[in-house]
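Here is the structure we will look at.
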Amino acid sequence: MEATHVFCARCRGVQPVRFERLLPSEAALGTQALCASCGWFVFALLTPARVYCDVCDDIRPALLHAYAPSGALTGGLVRCAVCYASRARLYGAKVSTRSS
């Protein structure tokens, strides 16, 4: 799944996502996911595939737990790999696995 949308707490709904570097001059620090509609900071993905977990109060490995909500989008929960606390809900277009 390529993430195209995210759940925004400020907008209270699924919105397009925008990814930017945490610090524009330093790519190695990671990427932030922002709501493309209002600019709300959703979460930061630190390289390689790590997130800050406020439950553990530390930077932890990230997991993407796939799920299939109703509608045209597929989804995934970004979770802390240590305590499994959810960090964000990501959505993307469903990918067809059928071949002709």
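Numbers for the structure displayed
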| quantity | calculated |
| --- | --- |
| Every pair of residues 6+ apart whose Cβ atoms lie under 7 Å, when the first sits in region 79-100 and is on the phi > 0 side of the Ramachandran plot while the second is modelled with pLDDT under 80 and of a type in the set (D, E, K, R) | none |
| Test: residue in region 59-82 that is out of contact with any strand residue (DSSP E or B) (no Cβ under 6 Å at 6 or more places or on another chain) and at pLDDT 90 or above | no |
| Flag if ARG10 is basic (Lys, Arg), farther than 24 Å from ALA81 by Cβ and in contact (Cβ under 8 Å) with a residue 24 or more places away in the chain | yes |
| Residues of region 12-42 classified as surrounded by 14 or more Cβ atoms within 10 Å (Cβ to Cβ), of a type outside the set (Ser, Thr, Tyr) and assigned to a loop (DSSP other than H, G, I, E, B), total | 2 |
| Positions within region 5-29 being within 13 Å of the chain's Cα centre (by Cα) and either polar (S, T, N, Q) or modelled with pLDDT under 85 (or both), in sequence order | GLN15 |
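The values are calculated or read from the model by the stated rules, or taken from the named source; none is laboratory data. These numbers were taken from a predicted model, which means no experiment stands behind them. Note: ideal-geometry Cβ built from the backbone for every residue, glycine included; neighbour counts use all protein chains shown.
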